[in-house]
1. Please work out which one of (1) in contact with a Lys or Arg (Cβ under 6 Å, 6 or more places away or on another chain); (2) hydrophobic (A, V, I, L, M, F, W, C); (3) at pLDDT 90 or above is the condition residue 68 fails and give its number.
2. Search the range 9-20 for residues that are closer than 10 Å to residue 112 by Cβ and pair each with any residue that is among the hydrophobic types (A, V, I, L, M, F, W, C) when their beta-carbon atoms are under 6 Å apart and the residues are at least 6 apart or on different chains.
3. Search the range 101-112 for residues being free of Cβ contacts under 8 Å to residues at least 24 places away in the same chain and of a type outside the set (S, T, N, Q), and hand back the single one that is surrounded by the most Cβ atoms within 10 Å (Cβ to Cβ).
4. If a residue has to be of a type in the set (Asp, Glu) and touching a Gly at 6+ places or on another chain (Cβ under 7 Å) to count, how many in the range 56-73 make the cut?
5. If a residue must be closer than 17 Å to residue 25 by Cβ and surrounded by fewer than 11 Cβ atoms within 10 Å (Cβ to Cβ), how many such residues does the range 63-100 contain?
6. Inspect the range 72-80 for any residue being over 16 Å from residue 3 (Cα atoms) and not in a strand (DSSP E or B) and give the result as yes or no.
7. Name the single residue that is farthest from residue 84 (Cα to Cα) among those in the range 28-42 being within 16 Å of the chain's Cα centre (by Cα), of a type outside the set (Phe, Trp, Tyr) and surrounded by fewer than 16 Cβ atoms within 10 Å (Cβ to Cβ).
8. Does residue 2 qualify as being in a loop (DSSP other than H, G, I, E, B), modelled with pLDDT of 90 or more and more than 17 Å from residue 84 (Cβ to Cβ)?
Amino acid sequence: MKNTEEQIIELSKKILNNSGFGYDDENQIKCVELSEDSFFGYNKNKNQNIWQISFLWGEEDFGKSRGALLYIDDDKKLPLLLVHSLGQSKITYSLLNDGKTIVSSTNVKFTIEE
């Protein structure tokens, strides 16, 4: 892995804030290196390093926190997939041709500034 857990947690906060998804408590954001070859229908490429970030969200909207997972490509520092407990919804991400803009499958566009 090129990035540390601390760097990925900070990146996760930026992704979640910029995408409008949010999180309840930044002290509850945890990340681990993903060892599985596939997850939620996503098959990782050979030698692809991926972080799995777990966090709580939704307390403001639902009166209690719910779990969610964000997957980030370590080498590209880009989000790949967000899975949350509200109906097991999946949000995928891709990078636009400008090389800076990320778009989600829910059509939210954002950039991550270093």
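1. (1)
2. Taking only residues 6 or more apart or on different chains, the pairs are 14/112; 18/110; 19/108; 19/110.
3. Let us first name the residues in the range 101-112 that are free of Cβ contacts under 8 Å to residues at least 24 places away in the same chain, namely 101, 103, 105-107, 109.
Remaining after also requiring of a type outside the set (S, T, N, Q): 103, 109.
Details: 103: 15, 109: 11.
Looking at residues that are free of Cβ contacts under 8 Å to residues at least 24 places away in the same chain and of a type outside the set (S, T, N, Q), I get 103.
4. Restricting attention to the range 56-73, the residues satisfying the condition of being of a type in the set (Asp, Glu) are 59-61, 73.
Within this subset, residues satisfying the condition of being touching a Gly at 6+ places or on another chain (Cβ under 7 Å) are none.
Qualifying residue count, the range 56-73: 0.
5. 2
6. no
7. Applying the filter and picking the extreme gives 33.
8. Yes.
The values are calculated or read from the model by the stated rules, or taken from the named source; none is laboratory data. Since the model is a prediction, treat every value here as computed from it, not as a measurement. No Cβ is skipped: glycine too gets one built from the backbone with ideal geometry, and neighbour counts run over all protein chains shown.
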